[in-house]
Amino acid sequence: MGSSLRDGLFLIPKRETHPETVGAAEVFASILASATSAGFALDDGQRMVAVRLAGLGAQIVGRETVAGAEADADADADHATAVAEASDAPRGLYLWGPAGRGKSWLLDAFYDAVPMERKLRVHFHSFFNELHSRIFANRGSDSVFANAVEELIGDARLLLFDEFHVHDPGHATLLTGLLRFALERDITVVATSNYPPQGLLPSPVYHHIFEPGIEVIERELDVVELPGEVDYRRSRAESVERRGFATGSWRHVPSASASERPSPAEATSLELGGRTFEVSAVRGRELWATFAELFVVKTSSLEYLQWARDFDTWHVLDVPLLASVGRDPQQRFVNAVDVLVDYDIEAHFHADASFDEFVAAAAGRADAFRMVSRLHLLER
């Protein structure tokens, strides 16, 4: 694999050699080998998706090989670029289905199986925080958005976008622009989501804002559902490898040691982006903070991403039932769980309720199904 998942964005070096041609069977075999190495076998739905991805991977590598051969045969760089751009990009894929069905795992295995360097895998929160930063840095230029996206994507010909979801109208506009930018430049897009295209930005007040983006997805990508009732994060919770996020825990307060909780004297603050955030304690590379300190105040994924880099372990204290707090703190908590899983951070949640009580009360809230699936990785 290229860069670490902890980088958020997989930075791809400039290509020095052209990829060798591979067949769909080889890509498929590589995905199966990854599953075997991880200790499980693909179910029928996952195998169907793996076959689709394998065929796509072979097409992409074949296109890269042809473009590379043309470039080697002609010393005129402009001509070589024109030939490469003239080749139609293989049609991308929008894979959606319930949480815990293995979509992100399949995306990772596909990324590993495609033997090319000009590929990029991004996570939702990391990508958008980077995009906002690049847009700000390019303010004043004639092509602010295009410059920002080009800086992020570089020369990638394959863009893998994990956890594609839209709840914010501002993100809807940026995502539509991103899709158009990629497809206009013949970049193949593969995305995973818990939502069918028409289910993105579900708010009836704002849904129309993303209708152009939905139209692009349905017109330009193959929409494939990975159905099924099995949430493998739940069913394999006992056998999952205990590392990173999976070494964390859900601790109902009565069972937690009172001696663990930081004393008032340990209270401190964190500085980030010109703002000050009060937290319960910082013990080396451990962050201790209450639910209110992390999510009731106006934090964002920007802070969670930075703290995921700064701290190897999080302790979140006084976690309430989500029904007892407003919509914004609920969504912040969901976003933080996404970041903690994406960055594979050990996290311990000290809660007012048992895990089962928390899960039951969270049902029906925005993105709760994905959050609950991920929390099943924790020891309880």
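The values are calculated or read from the model by the stated rules, or taken from the named source; none is laboratory data. Please read all numbers here as calculations on a predicted model, not as lab measurements. Here the Cβ positions follow ideal geometry from the backbone for every residue, glycine too, while neighbour counts run over all protein chains shown. To get the accessible areas, we keep the full protein, side chains included, count just its heavy atoms, and leave off ligands, DNA and RNA. Shrake-Rupley method; radii C 1.70, N 1.55, O 1.52, S 1.80 Å.
General observations
- Checked against the criterion of being of a type outside the set (Ser, Thr, Tyr) and surrounded by fewer than 20 Cβ atoms within 10 Å (Cβ to Cβ), the candidates Gly228, Gly213 yield just one match: Gly228.
- The set of residues in region 188-210 being open to solvent by 20 Å² or more (accessible area, probe 1.4 Å) and among the aromatic types (Phe, Trp, Tyr) consists of Tyr195, Tyr206.
Quick grid of which residues meet (1) under 23 Å from the mean Cα position of the chain (by Cα); (2) part of a loop (DSSP other than H, G, I, E, B); (3) modelled with pLDDT under 50:
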residue	(1), (2), (3)
Arg6	yes, no, yes
Leu11	yes, yes, yes
Phe40	yes, yes, no
Ile60	yes, no, no
Ala84	no, no, yes
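- Test result for Asp344, open to solvent by 30 Å² or more (accessible area, probe 1.4 Å), on the phi > 0 side of the Ramachandran plot and not small (Gly, Ala, Ser): yes
- One residue from Ala336, Ala360 being without any contact (Cβ under 8 Å) to a residue 60 or more places away in the chain and open to solvent by 20 Å² or more (accessible area, probe 1.4 Å): Ala360
To keep it simple, each residue is scored yes or no on (1) open to solvent by 60 Å² or more (accessible area, probe 1.4 Å); (2) within 27 Å of Ser193 (Cα to Cα); (3) modelled with pLDDT of 95 or more; (4) of a type in the set (Lys, Arg).
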{"site": "Gly284", "(1), (2), (3), (4)": "yes, no, yes, no"}
{"site": "Leu287", "(1), (2), (3), (4)": "no, no, yes, no"}
{"site": "Phe295", "(1), (2), (3), (4)": "no, yes, yes, no"}
{"site": "Thr299", "(1), (2), (3), (4)": "no, yes, no, no"}
{"site": "Thr313", "(1), (2), (3), (4)": "no, no, yes, no"}
{"site": "Ser324", "(1), (2), (3), (4)": "yes, no, no, no"}
{"site": "Asp367", "(1), (2), (3), (4)": "no, yes, no, no"}
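- In region 128-187, residue least open to solvent (accessible area, probe 1.4 Å) [restricted to those that are touching a residue at least 24 places away in the same chain (Cβ under 8 Å) and at positive phi]: Glu163
- Of all residue pairs spaced 6 or more apart or on separate chains, those with beta-carbon atoms under 9 Å, a first member in region 259-279 that is among the small types (Gly, Ala, Ser) and a second member that is part of a strand (DSSP E or B) and open to solvent by less than 60 Å² (accessible area, probe 1.4 Å) are Ser263/Ala281; Ala267/Val279; Ala267/Ala281; Ser269/Phe277; Ser269/Val279.
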